[in-house]
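The values are calculated or read from the model by the stated rules, or taken from the named source; none is laboratory data. In this text, all values refer to a predicted model and were calculated from it rather than measured experimentally. In this analysis, Cβ positions are derived from the backbone assuming ideal geometry, glycine residues included, and neighbour counts consider all displayed protein chains.
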Amino acid sequence: MTAPPPLHGMIYRSRSALTGTPREVASALGGILDVSRRRNAEDGVTGALLLRESVFAQVLEGPAAAVAETFARISADPRHSAITVLEDTPATTQIFAQWSMAYAGDGGMPDIPLTFGLDDTRFSAEQAAIMDRLRSYAGTL
Ligand SMILES: Cc1cc2nc3c(=O)[nH]c(=O)nc-3n(C[C@H](O)[C@H](O)[C@H](O)COP(=O)(O)O)c2cc1C
């Protein structure tokens, strides 16, 4: 038996370069999510993406090599700039295991609402804690 590959988790923040009407921005974002979900599912990468005003914050987690390759592609993407890594650590589990890329936004149809209702049981405490960090990072650029 071979050992499972080491897991890695990271969070970065960037400034969105998506422009246009809210509908155009939503459409461009939909394109990013479609590709992300397909590629991440192939690579075993999971996570969540937040877009708040013009700031992205994203958590990526999965096999270390796959996370590094995914982040290398994301870093070269002209649809955002000022990419800053805020957390970058070995991980023992994939906290967003059921999402190849969940979307949390302040418009459109997010998978994860920006505010959690007290009766909302879809999210684990660990997921809620990471979403809180994404929101606070997105609010400080
Ligand atoms: C904010 C943002 C987040 C992204 N997240 C992912 C992601 O999680 N996984 C992914 O494969 N691509 C993601 N992308 C898209 C990549 O930058 C890239 O366009 C895509 O992986 C296809 O790469 P390729 O054209 O080199 O094949 C993201 C792009 C942006 C702007």
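Some points to look at:
- Qualifying residue in the stretch 68-85 (condition: under 21 Å from S124 (Cα atoms), within 14 Å of the ligand (Cβ to nearest atom) and touching a helix residue (DSSP H, G or I) at 6+ places or on another chain (Cβ under 6 Å)): no
- Qualifying residue in the stretch 62-79 (condition: assigned to a strand (DSSP E or B), modelled with pLDDT of 95 or more, among the β-branched types (V, I, T) and within 16 Å of R13 (Cβ to Cβ)): no
- Within the stretch 38-67, the residues that satisfy the criterion of being within 16 Å of G105 (Cα to Cα) and more than 8 Å from the ligand (Cβ to nearest atom) are A48, L50, R52, E53, S54, V55, A57, V59.
- Test: residue in the stretch 46-61 that is touching a residue at least 24 places away in the same chain (Cβ under 8 Å), polar (S, T, N, Q), in contact with a helix residue (DSSP H, G or I) (Cβ under 7 Å, 6 or more places away or on another chain) and under 19 Å from E126 (Cβ atoms): yes
- The residues of the stretch 95-123 that are of a type outside the set (A, V, I, L, M) and either within 18 Å of S16 (Cα to Cα) or modelled with pLDDT of 85 or more (or both), listed by number, are F96, Q98, W99, S100, Y103, G105, D106, G107, G108, P110.
- Any hit, the stretch 36-49, residues being more than 22 Å from I95 (Cβ to Cβ) and among the aliphatic types (A, V, I, L, M): no
- Some residue of the stretch 6-26 being surrounded by 12 or more Cβ atoms within 10 Å (Cβ to Cβ), in a helix (DSSP H, G or I) and at pLDDT below 95: yes
- Condition check for G31 on (1) crowded, with 16+ Cβ neighbours inside 10 Å; (2) modelled with pLDDT of 90 or more: one failure, at (1).
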